[in-house]
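Here's the structure, in structure tokens; my notes come after.
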Amino acid sequence: MVPWVDRQEAILRLLRRQLFFVGGAPRSGTTWLQYLLDSHPEVSCRGEGLFTKYLAEPLEAMAVTRREAIAAKNETVFRHGSGYPLPDADDTEFLLGSGVLLALDRHGAGENCRAIGEKTPENVFFFARLKTLFPNAKFIGIARDPRDVLASAWHFFHQSKPRPDEIAAKTAFISSALSSLDNGARTMFALTEQYPADCMVVTYEHMRTALLPVAVALFHFLGVAHDDAIVAECVARSSFTALSGGRAPGVALDGSFFRKGVSGDWQTTFTPEMNAMIVNVLGWMFPRFGWTP
């Protein structure tokens, strides 16, 4: 076991590097974005740390239980004295921040690594809290036409399940996902407006059509080298063809994490009525990114 003080010193060294977090809707291209970033020799970006569900939420529950147990002892055994000091919210945040840093430290990034980050799609709901924990961190979000997000999710998670009424199944699936997509996008954009220098949002569509300039902007944002040779190598290593095992964009393979690699595929998956459902809730973001309702 690494001595406690040595681990603390490792965490302090980590904080001198550029920390960053990546998030976006599931099936919006977060994994593609992660691979692009991680392909850079000065960047370590892994996924997924699952900090919200399996670290923050259990810590919060544990803190409540411990506080209640100590308070009960104070009211019974130690009711004639001062009792034991109760833990507060700052304790939980300190433990959470330490847990995140321990996870990032396990990347094992070498001395040449200048930026260390993590990608979990649900980070978008956690961005504001992470910003409070790590004021100097940077945040990268990815947006994709929500109709393509839902179409990709349908093919990846639901396509193989037989249903007597596919129209009803797709409609129910869309209805169940709209609120989360709306909240995630609004949360991401709110942080971007509050901290414009520390946040960057890219789109799946722009990555498809102009990956090289997107990569240059991302690497510049993180403060790492972005000369032509490095960027070209990163783009080549993270192309759809490279990540899909040799398929060209548009050649679909249902069940593959990198299924098709195109934009507009929702038109072969959803009906006009389904399109109207999506646009009715999420149409507010279309002008921002040039998506056509």
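The values are calculated or read from the model by the stated rules, or taken from the named source; none is laboratory data. Remember, predicted model here, so these are calculated numbers, not experimental data. Cβ sites come from the backbone with ideal geometry, for glycine too, and all protein chains shown count toward neighbours.
Among Ser82, Ser39, which is within 30 Å of Phe258 (Cα to Cα) and among the polar types (S, T, N, Q)?
It is Ser39.
Among helices (runs of 4 or more DSSP H) lying entirely in the range 16-135, which contain 2 or more residues that are without any contact (Cβ under 8 Å) to a residue 24 or more places away in the chain and more than 30 Å from Leu211 (Cβ to Cβ)?
Because the criterion is at least 2 residues that are without any contact (Cβ under 8 Å) to a residue 24 or more places away in the chain and more than 30 Å from Leu211 (Cβ to Cβ), the helices (runs of 4 or more DSSP H) in the range 16-135 that meet it are 57-75, 89-105.
Can you tell me which of (1) within 19 Å of Gln8 (Cα to Cα); (2) of a type outside the set (Lys, Arg); (3) touching a helix residue (DSSP H, G or I) at 6+ places or on another chain (Cβ under 7 Å) is the one Phe94 doesn't meet?
(3)
From Ala153, Ala103, Ala89, Ala115, grab the single residue that is of a type in the set (A, V, I, L, M, F, W, C) and either within 19 Å of Arg186 (Cα to Cα) or at pLDDT 95 or above (or both).
None of the others qualify; the one that does is Ala115.
Pick from the range 262-293 the residues that are aromatic (Phe, Trp, Tyr) and part of a loop (DSSP other than H, G, I, E, B): which of them is farthest from the chain's Cα centre (by Cα)?
For the range 262-293, the residue satisfying everything is Phe270.
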